1. Could you count how many residues in the range 139-166 are touching a strand residue (DSSP E or B) at 6+ places or on another chain (Cβ under 8 Å) and at pLDDT 90 or above?
2. Out of curiosity, is residue 70 modelled with pLDDT of 95 or more and part of a strand (DSSP E or B)?
3. Step by step: first the residues of the range 24-47, then only those that are in contact with a strand residue (DSSP E or B) (Cβ under 6 Å, 6 or more places away or on another chain), within 15 Å of residue 90 (Cβ to Cβ) and of a type in the set (A, V, I, L, M), then the one that is surrounded by the most Cβ atoms within 10 Å (Cβ to Cβ). Which residue is that?
4. Please work out if residue 94 is in contact with a helix residue (DSSP H, G or I) (Cβ under 9 Å, 6 or more places away or on another chain) and buried (at least 16 other Cβ atoms within 10 Å of the Cβ).
5. Can you tell me which residues in the range 170-213 are in a helix (DSSP H, G or I) and either at positive phi or modelled with pLDDT of 80 or more (or both)?
6. Got a number for residues in the range 1-23 being without any contact (Cβ under 8 Å) to a residue 60 or more places away in the chain and touching a helix residue (DSSP H, G or I) at 6+ places or on another chain (Cβ under 7 Å)?
7. Considering (1) in a loop (DSSP other than H, G, I, E, B); (2) modelled with pLDDT under 90; (3) among the basic types (Lys, Arg), say which one residue 216 fails and leave the rest.
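The values are calculated or read from the model by the stated rules, or taken from the named source; none is laboratory data. None of the values given here were measured: they were computed from a predicted structure. Using ideal geometry, Cβ is built from the backbone for each residue, glycine included, and neighbour counts are taken over all protein chains shown.
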Amino acid sequence: MKVSIITVTYNSEKTLRDTLESIELQTYKDIEYIIIDGGSTDNTLKLINEVSTRVTKCLSESDNGIYDALNKGINLSTGDIIGFVHSDDLLARPDIIETIVSRFHETKADVVYGDLVFFEKNQIDIIKRYWRSGPFKRSKLSLGWAPPHPSFYMRRELYKDDGYFDLSYRIAADYDQMVRILKRDDIKVIYVPQVFVKMRLGGESTRIDNAISSTKEIVEVMKNHNVNCRVTFPLDVCLPWHIHPDLVMKYANATVFCRIVPGSLHILQQAVHSGLQVPV
């Protein structure tokens, strides 16, 4: 079973080495590693050539944003399974892809997903937050649930059927894509309670200045898929796509309930300041 892993880069030399090395260390051999570069002007391409022996395809040209680049990667892929490792993230262990493939084989799944941790920007071993996805239930989609996209591995034929990213979204196309796929009742989805990916805090997807734009898009996706905007969000991790509860209320005219967990005091303070209902 061949696994296609796609990484999108653009002037990524400061963080890409960790990403490349995590792919390099994978014990699973049948990996097609595709890099889609947006025309970097730094040493990104030089770094790829120096560090990686597993890159099978590398395309460097201008694109229309990250989702356009990911769609290019999907088009170039030939694997049975597709997954994404972003240029400031890394696979959590050398046997992660092997573990994922085993679950596909054992369960005949169409989708396999796991957990994700956030680490300090320049300190890989300092874990700041844990995103525990939890078992899949289709009914959870109506409550705004979705797994972390970097932990989401899916059979390539599903991408070809209905899995391309909608380029009308700038930040939330991954959420839209997952909901679109996961709400189908003809696919088998398996959760593996292991950390698949380490995500670097301070990257593009975790920047606070993306909060308003991402929240607007998330609410739009939720409405388009008839997802209830009266949502319970865990406070121990970054909200998926970094939704700000007060912004959800503003743009969805919804009440957001938040669960208090250890270590979430700073987020609780924000929630109270926003006038949220916070059950203990």
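1. Number satisfying all stated conditions: 12.
2. Numbers: modelled with pLDDT of 95 or more: yes; part of a strand (DSSP E or B): no.
Here the answer is no, as residue 70 does not meet what is asked.
3. Among them, the one singled out is 35.
4. Numbers: in contact with a helix residue (DSSP H, G or I) (Cβ under 9 Å, 6 or more places away or on another chain): yes; buried (at least 16 other Cβ atoms within 10 Å of the Cβ): no.
No; evaluated as a whole, the condition is false for this residue.
5. We begin by selecting, within the range 170-213, every residue in a helix (DSSP H, G or I); these are 173-182, 204-206, 208-213.
Selection gives 173, 174, 175, 176, 177, 178, 179, 180, 181, 182.
6. Final tally of qualifying residues: 4.
7. With (1) in a loop (DSSP other than H, G, I, E, B); (2) modelled with pLDDT under 90; (3) among the basic types (Lys, Arg) applied to residue 216, the lone miss is (1).
Conditions (1) farther than 24 Å from residue 75 by Cα; (2) without any contact (Cβ under 8 Å) to a residue 12 or more places away in the chain, marked per residue:
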{"site": "134", "(1), (2)": "yes, no"}
{"site": "149", "(1), (2)": "no, no"}
{"site": "161", "(1), (2)": "no, yes"}
{"site": "175", "(1), (2)": "no, no"}
{"site": "193", "(1), (2)": "yes, no"}
